[in-house]
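The values are calculated or read from the model by the stated rules, or taken from the named source; none is laboratory data. Everything quoted here is computed from the prediction, not taken from an experiment. Note: ideal-geometry Cβ built from the backbone for every residue, glycine included; neighbour counts use all protein chains shown.
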Amino acid sequence: MTHRLLFAGFGGQGIMLMGELLAYAAMIDGKQVTYMPSYGPEMRGGTANCSVIVSDGPIASPIITEAGILIAMNEPSLDKFEDDVDPEGLVFINRSLIGRKPRRSDVVSVAVDCIELARDILNEKIANIVMLGAVIRKSNIVSPDSVGEALRRKFSGKKEAFIPINESALSAWRERSEEH
């Protein structure tokens, strides 16, 4: 099976990190992976998106023309990429910054209160990891354990102190959604 994901937001939201962690987790799970970042003219505050393809077999091209999953961390990203999602695809929306649902009725929308959940943990800078946790738990593309392992490898050395808060962020959406 092949999964095509498009992560989009503005610079500084950790868009590339989400894609990198998912790609790394897929490799840990023994899958084939491509990761392709795209930056706007400015780094922080400008547009940022990346595409990740995860497959059980060879991947012919890293270019995505239609995504099975869109992760929109801000409204301009939803506006720009909503039409690039397959019918019946998943659209993850950062409800903290996006005040609308997808306009399309042929996609499945998953709203995540990323910033609020991140603040509950301690720091809104981990809103991207909250979203990543929702994506992996809803889509089952990779195992949660492999994402945790990818996170521990990415935050090794001097960044090791960030591992516990990010591990908490990975499960924040599941814990909150199970309460309702």
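Tabulated data for the structure shown
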quantity	calculated
Within segment 54-90, considering residues that are within 20 Å of ILE136 (Cα to Cα) and of a type in the set (Val, Ile, Thr), the one surrounded by the fewest Cβ atoms within 10 Å (Cβ to Cβ)	ILE64
Within segment 77-106, considering residues that are in a helix (DSSP H, G or I) and out of contact with any helix residue (DSSP H, G or I) (no Cβ under 9 Å at 6 or more places or on another chain), the one nearest to CYS50 (Cα to Cα)	PHE81
Residue match in segment 118-125 (condition: of a type outside the set (Asp, Glu) and in contact with an Asp or Glu (Cβ under 9 Å, 6 or more places away or on another chain))	yes
Unique residue being modelled with pLDDT of 95 or more and either among the charged types (D, E, K, R) or closer than 18 Å to VAL112 by Cα (or both) when the list is ALA26, ALA72	ALA72
Test set (1) closer than 17 Å to GLN13 by Cβ; (2) surrounded by fewer than 16 Cβ atoms within 10 Å (Cβ to Cβ); (3) under 15 Å from the mean Cα position of the chain (by Cα) - LEU170 fails condition number	(2)
Selected residue (only one of ILE98, ILE93 is farther than 16 Å from ILE141 by Cα, buried (at least 24 other Cβ atoms within 10 Å of the Cβ), among the β-branched types (Val, Ile, Thr) and without any contact (Cβ under 8 Å) to a residue 40 or more places away in the chain)	ILE93
So THR65, is it more than 18 Å from GLY133 (Cβ to Cβ), β-branched (Val, Ile, Thr) and in contact with a Pro (Cβ under 6 Å, 6 or more places away or on another chain)	no
Criterion (more than 23 Å from LEU97 (Cα to Cα), crowded, with 20+ Cβ neighbours inside 10 Å, under 13 Å from the mean Cα position of the chain (by Cα) and in contact (Cβ under 8 Å) with a residue 12 or more places away in the chain) met by exactly one of ALA48, ALA8, ALA25	ALA25
